[in-house]
1. Name the pairs whose Cβ atoms lie under 7 Å apart, with the first residue in region 86-110 and free of Cβ contacts under 8 Å to residues at least 40 places away in the same chain, the second open to solvent by 80 Å² or more (accessible area, probe 1.4 Å) and not in a strand (DSSP E or B), and 6 or more positions between them or separate chains?
2. Being open to solvent by less than 50 Å² (accessible area, probe 1.4 Å) and either under 14 Å from residue 17 (Cβ atoms) or at pLDDT below 95 (or both) is the requirement here; does residue 100 meet it?
3. Out of 93, 89, I need the residue that is modelled with pLDDT of 95 or more and in contact with a Phe, Trp or Tyr (Cβ under 7 Å, 6 or more places away or on another chain). Which one?
4. Looking at region 7-23, can you tell me whether even one residue there is of a type in the set (A, V, I, L, M, F, W, C), at pLDDT 95 or above and assigned to a strand (DSSP E or B)?
5. For the condition open to solvent by less than 60 Å² (accessible area, probe 1.4 Å) and in a helix (DSSP H, G or I), what is the one hit in 54, 72, 76?
6. Quick check on my filter: what residues within region 79-97 are open to solvent by 80 Å² or more (accessible area, probe 1.4 Å), in a strand (DSSP E or B) and either touching a Ser or Thr at 6+ places or on another chain (Cβ under 9 Å) or not aromatic (Phe, Trp, Tyr) (or both)?
7. Just give me the residues in region 72-93 being within 30 Å of residue 104 (Cβ to Cβ) and over 14 Å from the mean Cα position of the chain (by Cα), in sequence order.
Amino acid sequence: MEAKATLRYIRISPRKVGILCDQIRGKSVKNAESILALIPKAASDPLSKLVHSAAANAENNHGMDPEKLYVAETYATPGPIIKRFMPRAKGRAYGIKKRTSHVTVVVKER
């Protein structure tokens, strides 16, 4: 049995979120939350809330024991790219790609 939570359209690139996903994959939920609390990255706060939400889904919707939960899967896939332009010298414009991501966390019971 597994429980999952998703966070969509987060305004952080999937490459940056993926670094934190690799850090918590396979860890217990409590350990993953403490790791994310200590990492000074922009994605750590939304990812911590997502892990907490997945654990709450497991406990409330599936009746799992919160002490036995661990992060089985976590991954970040690219979302839509917001395209903007930055004015440059001599009347030119350079494109800026503001990347978004969809993050999924799956927790299971040991």
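The values are calculated or read from the model by the stated rules, or taken from the named source; none is laboratory data. Everything quoted here is computed from the prediction, not taken from an experiment. A quick note on method: Cβ atoms are made from the backbone with ideal geometry, for glycine too, and the neighbour counts reach across all protein chains shown. These accessible areas exclude ligands, DNA and RNA; they are computed on the full protein's heavy atoms, side chains included. Shrake-Rupley method; radii C 1.70, N 1.55, O 1.52, S 1.80 Å.
1. 94/88
2. Values: open to solvent by less than 50 Å² (accessible area, probe 1.4 Å): yes; either under 14 Å from residue 17 (Cβ atoms) or at pLDDT below 95 (or both): yes.
Against the criterion (open to solvent by less than 50 Å² (accessible area, probe 1.4 Å) and either under 14 Å from residue 17 (Cβ atoms) or at pLDDT below 95 (or both)), residue 100 qualifies.
3. Values: 89 fails: in contact with a Phe, Trp or Tyr (Cβ under 7 Å, 6 or more places away or on another chain).
After ruling out the rest, the residue left standing is 93.
4. yes
5. Values: 72 fails: in a helix (DSSP H, G or I); 76 fails: in a helix (DSSP H, G or I).
Being open to solvent by less than 60 Å² (accessible area, probe 1.4 Å) and in a helix (DSSP H, G or I) holds for just one of 54, 72, 76, which is 54.
6. 83, 84, 86, 87, 97
7. Going residue by residue through region 72-93, those that are within 30 Å of residue 104 (Cβ to Cβ) are 72-84.
Matches in region 72-93: 80, 81, 82, 83, 84.
Rundown of residues vs (1) open to solvent by less than 10 Å² (accessible area, probe 1.4 Å); (2) more than 11 Å from residue 105 (Cβ to Cβ); (3) basic (Lys, Arg), yes/no style:
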residue: 1; (1), (2), (3): no, yes, no
residue: 6; (1), (2), (3): no, no, no
residue: 19; (1), (2), (3): no, yes, no
residue: 24; (1), (2), (3): yes, no, no
residue: 28; (1), (2), (3): no, yes, no
residue: 39; (1), (2), (3): no, yes, no
residue: 49; (1), (2), (3): no, no, yes
